[in-house]
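Asker: Sharing a structure, written as structure tokens. Questions coming.
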Amino acid sequence: MGTMYAILIAVSALAALYTGFLALRAGLRLRRTYRDLMQSVAPDLDRLHRRTQTLQRNADELGRRASELPVQISGLQQSIAQLQFLINTLNESINQLRRALRYTDLKNFGAANFSRIADAFLNPRNR
């Protein structure tokens, strides 16, 4: 009986070791994939952020110039206001994407979601 327990413990230990190895390998793949993603996306995202800021400055300047015109052109001013709104929305979306792609924020986001899901699962009345 003791031999059977020893064999069972040894098999369980080997299974745990193998599972740990697979988890380590998956973690390393995740880090490599994240690094590749950041190398390909981050420069484009930064460039897009700079261009959006330039576009926002130019739209603000255009709005200022339109307000100085002797003849008030309401259609132009309305279009400029809509353009400024869209640029601000785009800029905010880019900033959110930049924050989401940072590894620590990504890790915290995953932990927060996991804790929220676990809490909902363990406390069904809180749903």
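The values are calculated or read from the model by the stated rules, or taken from the named source; none is laboratory data. No experiment lies behind these values; they were computed from the predicted model shown. When we count neighbours, we look across all protein chains shown, and the Cβ atoms used for this are built from the backbone with ideal geometry, even at glycine.
Asker: Of all residues in region 1-40, which are touching a residue at least 24 places away in the same chain (Cβ under 8 Å) and of a type in the set (A, V, I, L, M, F, W, C)?
Answerer: From region 1-40, those touching a residue at least 24 places away in the same chain (Cβ under 8 Å) are 34, 37-38; that's our starting set.
Listed by number, the residues that qualify are L37, M38.
Asker: Picking from A66, A120, which residue would you name as being modelled with pLDDT under 70, surrounded by 10 or more Cβ atoms within 10 Å (Cβ to Cβ), hydrophobic (A, V, I, L, M, F, W, C) and in a helix (DSSP H, G or I)?
Answerer: A120
Asker: Okay, moving on. Please tell me if T52 is modelled with pLDDT of 75 or more and surrounded by 12 or more Cβ atoms within 10 Å (Cβ to Cβ).
Answerer: Spelling it out, T52 is indeed modelled with pLDDT of 75 or more and surrounded by 12 or more Cβ atoms within 10 Å (Cβ to Cβ).
Asker: Please state which of the following conditions V71 fails to meet, knowing it meets all the rest: (1) modelled with pLDDT of 65 or more; (2) part of a helix (DSSP H, G or I).
Answerer: For V71, the failing item is (2).
Asker: Let me ask something else. Please name all residue pairs, on different chains or six or more residues apart, with Cβ atoms under 9 Å, provided the first residue is in region 41-67 and is closer than 17 Å to R102 by Cα and the second residue is polar (S, T, N, Q).
Answerer: Filtered contacts from region 41-67: H49/N91; H49/N95.
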